[in-house]
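Notes follow once the structure below has been shown.
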């Protein structure tokens, strides 16, 4: 017997995915607009080749861990992104630095600067994040309306 209701587990998965996409897109836009910069230390680095025939900046998956200090407090972060960047992995005791963007009023929201710089993102990248925010909000309202009708 079908009740027409959405399975609660599926509902929670959909909401979690929408919240993650919304958080990621809003944080990138806020960091690009209001982010402050500092220099951080790379604590871990790895990359893997995904597709040698991929379009530019999409052949590898890069994962970085980093730390930086704001005031007297140390913050840690990590990021995973598609790129053609291919540094060798960090050796024991090796130190690399990277520019990190963070929100001055909430430094826990941070990313490497090259991932949030509007000049590097280009018009298409900024448009993508704006559409993602708008799309997530529309999907939330549709989901809310669907739940009320059932």
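List of remarks:
- Spin-label proximity, residue 127 to the range 15-37 - amide N less than 18 Å from point 7 Å beyond Cα toward beta carbon: 29
- If you plug the beta carbon distance of residue 54 and residue 97 into 1/(1 + (r/R0)^6) with R0 = 30 Å, you get a FRET efficiency near 0.60.
- By the Cα gyration tensor, the chain has an equivalent ellipsoid whose semi-axes, rounded to whole angstrom, run 34, 20, 16 from largest to smallest.
- Acute angle (nearest 10 degrees) that the helix 118-149 long axis makes with the longest principal axis of the chain, alpha-carbon atoms: 30 degrees
- Once the Cα atoms are used to define both axes, helix 8-34 deviates from the longest principal axis of the chain by about 40 degrees.
- Taking all Cα pairs closer than 8 Å and separated by 6 or more residues, the relative contact order of the chain comes to 28 percent.
- MRE, 222 nm, helices only [DSSP H, n ≥ 4, -39500 (n - 2.57), over the chain, to nearest 500]: -14500 deg cm²/dmol
Quick note: the coordinates plus some simple rules give every number you see, no bench work behind them. The shown structure was predicted, so the numbers you read here are calculated from the model rather than taken from an experiment. For neighbour counting, all protein chains shown are included, and Cβ atoms are generated from backbone atoms with ideal geometry for every residue, glycine included.
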